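The values are calculated or read from the model by the stated rules, or taken from the named source; none is laboratory data. Remember, it's a predicted structure, so these values are computed and weren't measured experimentally. Here Cβ is always computed from backbone atoms with ideal geometry, including for glycine, and neighbour counts include all displayed protein chains.
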């Protein structure tokens with residue numbers, strides 16, 4: 001008996017030891033599945049477009065931002081996925097010779113302030129604090145969805161900034177600055193909070209390359225209009241407007257984007273070459289060491305367009321001829337029956353009482369309710385109040401009915417009832433030669449209901 005128990009325990013222990021590898025294998029598979037779940041893919045695109053400059057002489061910075069806004073919308077990113085921040089409203093500036101317009105090309109060829117522009121942050125809302133809150137998602141709960149960056153770990157985000165800057169900073173409205181360290185830390189928070197899959201940062205400002213020197217988060221590609229120690233220059237002066245319409249770097253980037261369509265295979269390496277020093281005067285720069293993919297394998301539309309994953313297959317799919325059409329379980333008789341029923345919401349409205357209820361009619365002779373006896377003339381004036389005007393300003397003259405009607409109006413005055421005449425056919429100006437102070441109408445009453 002003891003040997004049998006010992007043998008049973010030994011077999012149980014041996015079985016447990018044999019199952020250990022299988023248990024660890026199962027745990028490993030679960031861990032792999034979890035890792036695969038959190039491994040990001042690319043399913044949506046977002047854009048954060050920021051103009052940080054105020055005042056009329058910075059017209060070009062607003063035009064820069066609106067031009068990029070126009071391009072990303074044309075390539076498929078909807079307004080719901082764009083956060084547009086404009087520090088000044090050039091379209092409504094009193095110096096603007098063409099109100100409600102912002103032009104990005106000389107001779108006023110292209111108005112980038114169209115009818116469908118949705119500005120999310122305007123004027124003094126464009127601050128360093130609000131910009132960082134948008135990026136990191138630390139926004140008050142009362143903030144509407146249109147002012148939020150609702151991205152996730154499957155989102156590719158384009159961040160475009162333009163304004164006046166220097167070595168390691170960008171000015172906001174000539175009153176505050178954001179440094180390259182603050183910007184780098186904000187991007188790190190976004191990565192830790194799984195707010196992006198890949199990020200493209202573009203900045204058009206003086207010494208723009210200094211703004212991406214401190215970046216340390218993965219999957220970031222950065223472009224700048226000038227190197228440290230260089231100025232970014234303006235472009236397209238317009239005598240009618242009186243200022244430059246755009247900056248050089250953004251102008252040539254947008255010319256490049258105009259040739260892109262949603263199906264284009266143009267890659268980021270092509271974007272790096274759009275504005276050589278001979279055109280921009282400054283030296284544009286870019287940084288790709290934090291980016292995991294080769295820029296030549298990154299399509300422009302991965303950031304500037306909508307996500308359209310299309311799988312092409314040569315597999316032939318045959319349809320079964322006997323596969324019947326699935327019919328709806330919602331029968332026609334059921335639909336007709338529901339249409340015949342009174343609407344549920346009507347039970348909560350006064351119209352339900354008007355249509356469906358037969359309420360008592362105090363103080364009214366039956367002769368008044370017969371349509372055949374209710375013909376006559378009605379004189380109207382503008383009523384002073386709803387009921388008093390009805391009782392004092394309406395006169396009804398029609399022989400026998402007139403007698404009953406005066407008593408009926410007096411009853412209304414005393415008890416403050418409300419009168420509803422339904423299905424009334426009126427013929428105006430049927431009587432002539434009467435006092436012009438009144439408006440005469442021939443009326444045929446089909447139904448009259450009095451409500452308390």
Lone qualifier among 254, 199 - being surrounded by 16 or more Cβ atoms within 10 Å (Cβ to Cβ) and in a helix (DSSP H, G or I): 254
Could you say whether any residue in region 209-220 is at pLDDT 95 or above, in the same structural domain as residue 169 (by TED's automatic domain parsing), part of a strand (DSSP E or B) and within 12 Å of residue 287 (Cα to Cα)? yes
If we scan region 299-310, do we find a residue that is surrounded by fewer than 17 Cβ atoms within 10 Å (Cβ to Cβ) and in contact with a helix residue (DSSP H, G or I) (Cβ under 6 Å, 6 or more places away or on another chain)? no
Residue hits (region 179-196; in a helix (DSSP H, G or I) and closer than 20 Å to residue 231 by Cβ) are 180
Hey, can you tell me all the residues within region 101-122 that are within 30 Å of residue 139 (Cβ to Cβ), touching a residue at least 12 places away in the same chain (Cβ under 8 Å) and in a loop (DSSP other than H, G, I, E, B)? 102, 112, 113, 114, 116, 117, 118, 119, 120
Is it fair to say residue 278 is part of a loop (DSSP other than H, G, I, E, B) and either touching a residue at least 60 places away in the same chain (Cβ under 8 Å) or under 23 Å from residue 206 (Cα atoms) (or both)? no
Can residue 60 be described as in a loop (DSSP other than H, G, I, E, B), under 20 Å from residue 174 (Cα atoms) and in contact (Cβ under 8 Å) with a residue 60 or more places away in the chain? no
Residue in region 254-264 that is nearest to residue 60 (Cα to Cα), counting only those that are touching a helix residue (DSSP H, G or I) at 6+ places or on another chain (Cβ under 9 Å) and without any contact (Cβ under 8 Å) to a residue 60 or more places away in the chain: 256
Hey, residue 229 hits all of (1) more than 30 Å from residue 100 (Cα to Cα); (2) free of Cβ contacts under 8 Å to residues at least 60 places away in the same chain but one; which does it fall short on? (2)
Given the conditions (1) at pLDDT below 95; (2) farther than 28 Å from residue 307 by Cβ; (3) in contact with a helix residue (DSSP H, G or I) (Cβ under 9 Å, 6 or more places away or on another chain); (4) surrounded by fewer than 22 Cβ atoms within 10 Å (Cβ to Cβ), every one holds for residue 114 apart from (2)
Condition first: at pLDDT 90 or above and more than 19 Å from the chain's Cα centre (by Cα). Now tell me which residues in region 67-89 satisfy that. 67, 87
